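Undergrad: I have a structure I would like to understand better, so I am pasting it below and will then ask my questions one at a time.
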There are 2 protein chains.
Amino acid sequence: MLLLTNIAQLATLRGSESSRRGSELNDIGLITDAAVLSTGGRIVVAGKQREILRHPWLKKHKRKIKEIDCSNKTVLPGFVDSHTHLIFATPRLIDFENRIAGATYQEIAEAGGGIRSSVAGVRSTSEAKLADGALKALNHMLACGTTTVEAKSGYGLSFEAEMKSLRAIRRAAKQWPGAVVPTLLGAHVVPAEYKTNRDEYVRLVCEKMMPEAAKKKLAQFVDVFCETGAFSVEECQDVFCAAGKYGLKPRAHIGQFTACALDSLLKFSPASLDHLDHVFERDLPRLAQSQTVATLVPGANYFLGHARYPDARGLIDAGVAVALATDFNPGTSPTPNMQFILSLACTQMKLTPAEAISAATINGAHALLLGDRKGSIEPGKDADMAVFDVKDYREIAYWFGENLCKMTIANGNLNS
Amino acid sequence: MLLLTNIAQLATLRGSESSRRGSELNDIGLITDAAVLSTGGRIVVAGKQREILRHPWLKKHKRKIKEIDCSNKTVLPGFVDSHTHLIFATPRLIDFENRIAGATYQEIAEAGGGIRSSVAGVRSTSEAKLADGALKALNHMLACGTTTVEAKSGYGLSFEAEMKSLRAIRRAAKQWPGAVVPTLLGAHVVPAEYKTNRDEYVRLVCEKMMPEAAKKKLAQFVDVFCETGAFSVEECQDVFCAAGKYGLKPRAHIGQFTACALDSLLKFSPASLDHLDHVFERDLPRLAQSQTVATLVPGANYFLGHARYPDARGLIDAGVAVALATDFNPGTSPTPNMQFILSLACTQMKLTPAEAISAATINGAHALLLGDRKGSIEPGKDADMAVFDVKDYREIAYWFGENLCKMTIANGNLNS
């Protein structure tokens, strides 16, 4: 039984049965002089300290309570990082230097770098070693306040290497106190050996990878990279269609470099469409009416040196539910820290700190269809919290380039 | 006596009698499988481990040696952060939110925010409390690998408050293991009470603040903000001229928002000209021929959401000595972490990781006229080192938004 006391500011994000939109994003359910009681990995009650201290459980279970003094601290729900590529063998330092020397994303890909350069590494690395790397990244994330992480395969691009990647995710997840949501991203790019036979690769993904991932419960989601050089909208529809057959839920990378029509994909009610640097304006009303979350990953824009960021304000103003994620990956966004994503959201995309926090917690949870369990600090929800060494929640987005998280509680487990 | 062993990569930055320019910036004196021996706060020897282990001192002083295993780690000289505003009372969260809502730097200043809003805080805060804040920031910096910090006054803007600020810097410095270089920035902006009588304020800075700071040894440098809305080039010349009288060395903020001719300031041989977002091309050859370092502070561009960054490549190609600094301050660059400045330098200004490291170490030292003591790991120099949890120096600039420094050694003192 955990009791967090003397919290300067507690952002509960309470009352979020569905994803937050428009002005709701600014309501983070802020309570000053607050306390939170949890037991068995679940929140019992959160509110003003003077009220919490009168809770009957406190008297009853006096000896079992571990109190944590959060004086001068701010407490948020643990971040939900709803878009990461955890499974890779090595950082892509050569691409990094080539990009500095002026090479574009496409040029790097054509020179054998990019996504495909991570494929050789994953194929030749053991499941145990991939799991070690994933666990190291998960622990960095946890230290930075993240308690739920979506993790994609997608650098294997063969039946064996994709399944190995998903097993590595499972192996790492078992050793980590937070929640990991696995996603099959077999359809990341077409691997070199299928270059002249892409239909067969799509069939491999749909008819071999998906049923196996579903059968072995290795994935909850299926993702696809819809982009020039990756997969067409038609191929994405095939992938989504097959996902439905096997009970896997769809999500997609879309609009990172070029816009494409969203309507044919929205028909499949994907939990999330991610990137959305480029969107046709005519698609906004339909996206806003849907339950689909738009997951923005500005870490990639930052790392690629783009002056342009996703039009978060336009999406929010149109009524679209917006989430934020790291896009942690070795090629375009090597950061594990959601605090820095808040900084990018506020300084580059002009979200308020409150909007950014909503997007990084409750809306991230909805982007993973976990809104009933994750993303807010409310009775009955999982005890996922992050304690920051600041007195004002806005400081979490204000100070940048460092880690202000002093303690994380994931499913009731304390990590400091 | 400290012995760092098994270092995967050691960047010595050796052989830097003067500031590095052009292609020299890429030569960071990299040694693999390295070791470093230091004693009494000074480097004894640094090199290949198999050679260092044969050093006669090792046998002689066997029992006095504390060995630190740096397996799989990279060691750099401690960062030299040559431009910071350490002394302020509170973060500027209101300006932060106003900027998100669309206000410009000038609009924020005119609405009572900006530099002037920090003045009331500093004037009403005690020296001890200002020193506490500065020490907290210095300790964040140390934890991120910085061992030398330049610290400016400049939010006092009265004789009493500027002297109090400098005394607070001295008080914090005494409690910190690294080196602090104090700078009088009385000429930051003209305070409200001198609005109609700016000449008198410049006289106050030159004829009262400077002699007192010099007499009490409270400052080594004098800085001035040369910009529309701050001080004119003529006023800067007056400030530099007076600085010379009192044996204080000149440096300036210049070209942050508008370009102005550098020649009249270069005559005073300033140790550094800082910001330089806007420079007249005709000034580059003269700047390159001078000993003056161009200190770039991209944290401010990032935090202000500017798509444009200083033209670091243009400066380097012209032969200008370039340094990097955080510009740590509450209004435009609240980051203590030089690692993130390396990330900005590489991703936004297209410096190579090696160039960025040279700029953040040896050239920062030269920007503070400390090139003979700081900024490289060479026999006789101060034992200032930072140990990073990466195998390749390029990773320090590649991973972003977190702190990869595991240990700092400042003047031979270990901090982990």
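The values are calculated or read from the model by the stated rules, or taken from the named source; none is laboratory data. This is a predicted model, so every value here is computed, not measured. Every residue, glycine among them, receives a Cβ derived from its backbone with ideal geometry; neighbour counts consider all protein chains shown. Surface areas here come from the heavy atoms of the whole protein model, side chains and all, with no ligands, DNA or RNA. Shrake-Rupley method; radii C 1.70, N 1.55, O 1.52, S 1.80 Å.
Undergrad: Using only Cα atoms and rounding to the nearest 10 degrees, what angle (0 to 90) does helix A:127-143 make with the longest principal axis of chain A?
TA: Relative to chain A, helix A:127-143 is tipped by roughly 40 degrees.
Undergrad: Shape call for the range B:79-367 from the C-alpha gyration tensor, a ≥ b ≥ c root eigenvalues: rounded (a/c under 1.5), prolate (a/b greater than b/c) or oblate? Please report the intermediate quantities before stating the final value.
TA: Working: a/c = 1.26, a/b = 1.16, b/c = 1.08.
Rounded is the answer for the range B:79-367, as its axis ratio a/c remains below 1.5.
Undergrad: Right, something else. What FRET efficiency comes out for B:S23 versus A:H55 if R0 is 51 angstrom and r is the Cβ-Cβ distance? Round to the nearest 0.05. Working shown, then result.
TA: Working: r = 67 Å, r/R0 = 1.32.
Result of the calculation: an efficiency of 0.15.
Undergrad: Report, for A:A111, each distance to the same residue's label point in the other copies, shortest first and in nm; define the point 7 Å along Cα→Cβ.
TA: 4.5
Undergrad: Restricting the count to DSSP beta bridges whose residues both fall in the protein assembly as shown, what percent are antiparallel, rounded to a multiple of 5?
TA: 45
Undergrad: Using a 10 Å cut-off on Cβ to Cβ distances, tally the other chain neighbours for every residue of A:10-17 and report the average as a whole number.
TA: Counting Cβ atoms of other protein chains within 10 Å of each residue's Cβ and averaging gives 0.
Undergrad: By average Cβ neighbour count within 10 Å, what is the ranking of A:175-184, A:40-49, A:358-367 from highest down?
TA: A:358-367, A:175-184, A:40-49
Undergrad: What ranking of A:E281, B:E193 comes out by heavy-atom accessible area, probe 1.4 Å, highest first?
TA: Solvent-accessible surface, decreasing: A:E281, B:E193.
Undergrad: Place a +1 charge on the Cβ of each Lys and Arg in the protein assembly as shown and a -1 charge on the Cβ of each Asp and Glu, then give the dipole magnitude about the Cα centre in debye, rounded to the nearest 20. Please report the intermediate quantities before stating the final value.
TA: Details: 96 positive and 88 negative charges, 711 e Å.
Using only the charged Cβ atoms, the result is roughly 3420 debye.
Undergrad: Moving on. How many times 2.2 N^0.38 Å is the alpha carbon radius of gyration of the range B:26-80?
TA: Its radius of gyration relative to the 2.2 N^0.38 Å reference: 1.20.
Undergrad: Also, quick follow-up: Using only alpha carbon pairs under 8 Å that are at least six residues apart, calculate the relative contact order of the range A:78-233 and give it in whole percent. Don't skip to the end; give the middle numbers.
TA: On the way: 251 pairs, mean separation 38.2, N = 156.
The value is 25 percent.
Undergrad: Relative to the first principal axis of the alpha-carbon coordinates of chain A, what is the inclination of helix A:233-245, with its axis defined by its Cα atoms, in degrees from 0 to 90 and to the nearest 10?
TA: 60
Undergrad: List, shortest first and in nm to one decimal, how far the label point of A:G15 (7 Å from Cα along Cα→Cβ) is from its counterparts in the other copies.
TA: From this label point to the equivalent ones elsewhere in the assembly: 6.7 nm.
Undergrad: Classify the range B:272-384 as rounded, prolate or oblate, taking a ≥ b ≥ c as the square roots of the eigenvalues of its Cα gyration tensor: rounded when a/c is under 1.5, otherwise prolate if a/b is larger than b/c and oblate if not.
TA: Oblate shape, in that a/c is at least 1.5 and b/c is the bigger or equal ratio.
Undergrad: Suppose every Lys and Arg Cβ carries +1 and every Asp and Glu Cβ carries -1, with no other charges. What dipole size does chain B come out with about its Cα centre, to the nearest 20 debye? Mind dumping the intermediate values first?
TA: Values: 48 positive and 44 negative charges, 386 e Å.
Its charge dipole is roughly 1860 debye.
Undergrad: Just to make sure I understand: if all protein chains stay in place, what is the order of A:I100, B:I94 by accessible area at 1.4 Å, largest first?
TA: Final ranking, largest accessible area leading: B:I94, A:I100.
Undergrad: Check the straight Cα-Cα distances from A:K245 and name the aspartates and glutamates below 20 Å, setting aside those fewer than 8 residues away within the same chain.
TA: The reachable aspartates and glutamates, counting only those whose Cα sits under 20 Å from A:K245, are A:E162, A:D199, A:E200, A:E207, A:E212, A:D223, A:E234, A:E235.
Undergrad: For the ranges A:205-218, A:322-335, what's the packing order if you count other beta-carbon atoms within 10 Å of each residue, average per peptide, and put the highest first?
TA: A:322-335, A:205-218
Undergrad: Can you list the GluC sites (Glu not before Pro) in the range B:1-77 that are in a DSSP coil and have 10 or fewer other beta carbons within 10 angstrom?
TA: Passing sites in the range B:1-77 are B:E17.
Undergrad: Something else about it: What is the interface area between chains A and B, defined as buried accessible area summed over both chains with a 1.4 Å probe, reported in Å² to the nearest 100? Mind showing how you got there, number by number?
TA: Numbers: alone 16650 and 16710 Å², together 29490 Å².
Using a 1.4 Å probe on protein heavy atoms, the buried area is about 3900 Å².
Undergrad: Out of residues 5 or more away from B:H253 or on other chains, whose amide H comes under 5 Å of its own, with H placed 1.01 Å from N in the peptide plane?
TA: B:V224, B:F225, B:C226, B:D274
Undergrad: Suppose you put the label 7 Å out from Cα in the Cβ direction; list, shortest first and in nm with one decimal, how far A:G380 is from each other copy's label.
TA: Listed shortest first, these distances are 7.4 nm.
Undergrad: Put +1 on the Cβ of each Lys and Arg and -1 on the Cβ of each Asp and Glu in the range B:87-196; which of B:A109, B:F96, B:L157 then has its Cα farthest toward the positive end of the dipole?
TA: Value: B:L157.
Undergrad: Is it possible to state the helix-based mean residue ellipticity at 222 nm for chain A, with each DSSP H run of 4+ residues giving -39500 (n - 2.57), the sum divided by total residues, to the nearest 500 deg cm²/dmol? What is it? Write out the running numbers ahead of the final one.
TA: Working: 18 runs with 142 residues, N = 416.
So the calculated ellipticity at 222 nm is -9000 deg cm²/dmol.
Undergrad: As an exercise, use a Förster radius of 56 Å and the Cβ-Cβ distance of B:S232 and A:K136 to find the FRET efficiency, rounded to the nearest 0.05.
TA: Efficiency, from the Cβ-Cβ distance: 0.55.
Undergrad: Let me ask you something else. How much length is gained on full extension from B:F159 to B:K64, taking 0.36 nm per residue of separation minus their Cα-Cα distance?
TA: 29.3 nm
Undergrad: Find the relative contact order for the range B:1-106 and round it to a whole percent, using C-alpha pairs within less than 8 Å whose residues are 6+ positions apart.
TA: 34
Undergrad: Per residue of A:337-350, how many C-beta atoms from partner chains lie within 10 Å of its own C-beta, taken as a mean?
TA: That average works out to 4.
Undergrad: Note the angle between two axes, namely the Cα long axis of helix A:159-174 and the longest principal axis of the Cα atoms of chain A, as a number of degrees from 0 to 90, rounded to the nearest 10.
TA: For helix A:159-174, the angle is close to 10 degrees.
Undergrad: Using a 10 Å cut-off on Cβ to Cβ distances, tally the other chain neighbours for every residue of B:303-309 and report the average as a whole number.
TA: Averaged over the peptide's residues, the number is 4.
Undergrad: Among the DSSP beta bridges whose two residues both lie in chain A, what percent are antiparallel, rounded to the nearest 5?
TA: In chain A, approximately 45 percent of DSSP beta bridges are antiparallel ones.
Undergrad: Evaluate the relative contact order of chain A (contact order divided by residue number), counting alpha-carbon pairs under 8 angstrom at least 6 apart; express in whole percent. Don't skip to the answer; put the middle values down first.
TA: Working: 1001 pairs, mean separation 95.0, N = 416.
Value for chain A: 23 percent.
Undergrad: Got a sec? Charge dipole of the protein assembly as shown, +1 on Cβ for Lys and Arg, -1 for Asp and Glu; which of B:P285, B:Q237, A:P191 is way out at the positive end?
TA: The Cα lying farthest towards the positive end belongs to A:P191.
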